[in-house]
1. Quick check for me: using +1 on Lys/Arg Cβ and -1 on Asp/Glu Cβ, what's the dipole size of the stretch 53-97 about its Cα centre, in debye to the nearest 20?
2. Can you give me the accessible area per residue for the stretch 15-122, using a 1.4 Å probe, in Å²?
3. So for the pair A69, I111, with labels modelled 7 Å out along Cα→Cβ, what separation do we get in nm?
4. Collect residues whose amide H, placed 1.01 Å from N in the peptide plane, falls under 5 Å from the amide H of Y20; neighbours closer than 5 in sequence don't count.
Amino acid sequence: LSDQHRLPLDARVFSDSCLYRIDVEYLTLPPGFFNKLLVSLRRQADHIDFSTRAAALYAMGTKLQVFMARKEDDTQSTSCVTALFSTSQLWEPFKSVLQGVERLFPGLHRIAFNYRIFADIL
């Protein structure tokens, strides 16, 4: 096995109180947006497990989980992309990839961008 496959997996991303989280809400997501996001993220990962609405990407003992969901209330329906990170080092690469994919879809309307990123505690 290669060195990256022998590293222990950082389990913080599995916690309900994950310290590194991004929620991005859109009015609607065009067909292919989530697939393009996963393909772009895959370039930076050693391994990926995915389905039509969720993915887990692994790189050097770290993990990034990405989910796509619909949110509905009395007034409107929106689409949300949520990312959970095992470490804060994954924040900038994810943000960069997300912005690049958003530029590929003219007219994509972002409603909200919420994040929770805490400094890594040694």
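1. Details: 5 positive and 4 negative charges, 42 e Å.
In debye, rounded to 20, the stretch 53-97 gives about 200.
2. 58
3. According to this spin-label approximation, the distance is 1.4 nm.
4. Those lying under 5 Å, H to H, from Y20 are F85.
The values are calculated or read from the model by the stated rules, or taken from the named source; none is laboratory data. As the structure is a computational prediction, the values presented were derived from the model and not from experiment. When we count neighbours, we look across all protein chains shown, and the Cβ atoms used for this are built from the backbone with ideal geometry, even at glycine. Remember, those area values only see protein heavy atoms, side chains included, never the ligands or the DNA or RNA. Shrake-Rupley method; radii C 1.70, N 1.55, O 1.52, S 1.80 Å.
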